[in-house]
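The values are calculated or read from the model by the stated rules, or taken from the named source; none is laboratory data. Model, not experiment: these values are computed from the prediction. Cβ coordinates were reconstructed from backbone atoms using ideal geometry, including for glycine residues, and neighbour counts include every protein chain displayed.
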Amino acid sequence: MIRKTRLFTPGPTPLLPAAQFAMAAADMHHRTPEFRALYQKVLAQLRVFVGTGSDVLLLSSSGTGAMEAAVSNLTSPGERVLVLTAGKFGERWVALAKAFGCEVDLVEAPYGETFDLAAVRKALKPEHRAIFVQATETSTAVRHDVEALAKLRNEVAPGTLLVVDGITGLGTTHFDVDGWGIDILIGGSQKAVMIPPGLAYLSVSDKAWVAMEKSKNPRYYFDLRKERKNAVKGESAYTPAVALIAALGAALDYIAGQAGGDLEKGRIALVDNAQVNAAATRAGLVALGFTLFAPTAPAAAATAVAVPEGMDSSEVVKALKTRFASVIANGQGEMKGKIFRVAHLGFFDFLDTIALLGAMEHIAKDTLKLPVKYGQAVAAAQQVYSDAVKS
């Protein structure tokens, strides 16, 4: 049988063909009018995609670079920060904050769960310089309620900065960045915008810019003030990832094209698409007898699934790749072997979901020995899709 490779991983995600073509054609120097026009266009598009009237900056790095930039630009050694952690990427916030000398207070939730807002309220103090949190904890496929956290911050500690890792949240979750008062919201190129790794982008509020002038932490490459100053001229502070920026422009054009050229509506459609595919995937896998790892706060970026007792999730990952050339993600860290993760963000449509669930029916029956009837996962997903398009 012919096998077609399909990525169902939460980053890197499947590449948009138009973005690949744009990268191949991006033969330009970065200090030219041609590139400046492209760069300014992409920065303007990013403000619409993120949904903010504030500055949005591009960094040639992975998303972790933007996370580091948020810590180094906003804090000083010895300042107290509050980190909300429920997985590997929340733990990354802890490590970054400590690396820059911050005193870290924690609110923790078990893997597979989100935070108790009462615990956050109890922990949050006006003296906290910033709150660091994920919109989606990709390692466990949990969605955190950023809107509720923002409202709580506004009530209890309005001077505290709210910094959100939206690397898999953007394009899968609806945000009101300015209305809620998110001070920094971070995205990454290898996620919902459907291009390769290597770019990070982040929105920066007026309050965050003021805070940067008071921060005493060292910064050089990730000095956001330099990037802001250069962006006005259509340039980056240092050599940019020219081909990736061209690809990003093509991807944002594509997203706008899905809504008749309206990028804001295209962003909404992209989020809705991820949410429907996530719901359909959850329904299909539950119909096969799987247990969702994050049933109370599921993300639209990815779905995490626990395998039956005594089974290693690596077997599911391996079987899908071997039989169907479909690539899903294992658990991370201590969750490796216990869960597998299926992505829905970016260049996925409903037919991709049906294809995966059809393959999973075979894996569940043949590898996991579950009592499967062919079509039961697909039928459950079809019902979710039908309900969604009627509403």
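Of all residues in the stretch 327-336, which are surrounded by fewer than 23 Cβ atoms within 10 Å (Cβ to Cβ) and either in a loop (DSSP other than H, G, I, E, B) or of a type outside the set (A, V, I, L, M, F, W, C) (or both)?
Across the stretch 327-336, the qualifying residues are N330, Q332, G333, E334, K336.
Restricting to the stretch 283-326, what's the tally of residues that are in contact with a helix residue (DSSP H, G or I) (Cβ under 8 Å, 6 or more places away or on another chain) and in a helix (DSSP H, G or I)?
Residues that pass the stated criteria total 10.
Table: residues versus (1) within 18 Å of the chain's Cα centre (by Cα); (2) under 16 Å from I184 (Cβ atoms); (3) at pLDDT below 95.
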site: E113; (1), (2), (3): yes, no, no
site: R121; (1), (2), (3): no, no, no
site: Q134; (1), (2), (3): yes, yes, no
site: S139; (1), (2), (3): yes, no, no
site: T160; (1), (2), (3): no, yes, no
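Looking only at the stretch 109-125, how many residues end up being free of Cβ contacts under 8 Å to residues at least 24 places away in the same chain and either closer than 16 Å to E79 by Cβ or not aliphatic (A, V, I, L, M) (or both)?
2
Checking the condition in contact with a Gly (Cβ under 9 Å, 6 or more places away or on another chain) and in contact (Cβ under 8 Å) with a residue 60 or more places away in the chain, which residue from A325, A304 passes?
Result: A304 is the single residue among A325, A304 that is in contact with a Gly (Cβ under 9 Å, 6 or more places away or on another chain) and in contact (Cβ under 8 Å) with a residue 60 or more places away in the chain.
Given the criterion farther than 13 Å from S54 by Cβ, of a type outside the set (S, T, N, Q) and touching a strand residue (DSSP E or B) at 6+ places or on another chain (Cβ under 7 Å), identify the matching residue among I195, I167.
Among I195, I167, only I167 is farther than 13 Å from S54 by Cβ, of a type outside the set (S, T, N, Q) and touching a strand residue (DSSP E or B) at 6+ places or on another chain (Cβ under 7 Å).
Report, by residue number, each residue of the stretch 285-317 that is surrounded by fewer than 15 Cβ atoms within 10 Å (Cβ to Cβ) and touching an Asp or Glu at 6+ places or on another chain (Cβ under 9 Å).
Residue satisfying the conditions is T296 alone.
Is it fair to say I195 is crowded, with 17+ Cβ neighbours inside 10 Å, among the β-branched types (V, I, T) and within 23 Å of T239 (Cα to Cα)?
Answer is yes for this residue.
Is it the case that D253 is of a type outside the set (A, V, I, L, M), surrounded by fewer than 21 Cβ atoms within 10 Å (Cβ to Cβ), in contact with a helix residue (DSSP H, G or I) (Cβ under 7 Å, 6 or more places away or on another chain) and more than 17 Å from L357 (Cα to Cα)?
no
Which ones in the stretch 226-268 are part of a helix (DSSP H, G or I), more than 25 Å from L16 (Cα to Cα) and in contact (Cβ under 8 Å) with a residue 60 or more places away in the chain?
E227, R228, A231
Among the strands (runs of 3 or more DSSP E) confined wholly to the stretch 54-149, which include 2 or more residues that are within 19 Å of F175 (Cβ to Cβ)?
Correct list: 55-59, 130-134.
In the list V50, V81, V42, which residue meets the criterion of being more than 25 Å from S215 (Cα to Cα), touching a strand residue (DSSP E or B) at 6+ places or on another chain (Cβ under 6 Å), surrounded by 19 or more Cβ atoms within 10 Å (Cβ to Cβ) and touching a residue at least 40 places away in the same chain (Cβ under 8 Å)?
Answer to the selection: V50.
Please enumerate the residues belonging to the stretch 358-391 that are more than 15 Å from R282 (Cα to Cα), touching a residue at least 60 places away in the same chain (Cβ under 8 Å) and not aliphatic (A, V, I, L, M).
Scanning the stretch 358-391 gives a single hit, P371.
Being over 20 Å from F348 (Cβ atoms), of a type outside the set (D, E, K, R) and modelled with pLDDT of 95 or more: is that true of T303 here?
Against the criterion (over 20 Å from F348 (Cβ atoms), of a type outside the set (D, E, K, R) and modelled with pLDDT of 95 or more), T303 does not qualify.
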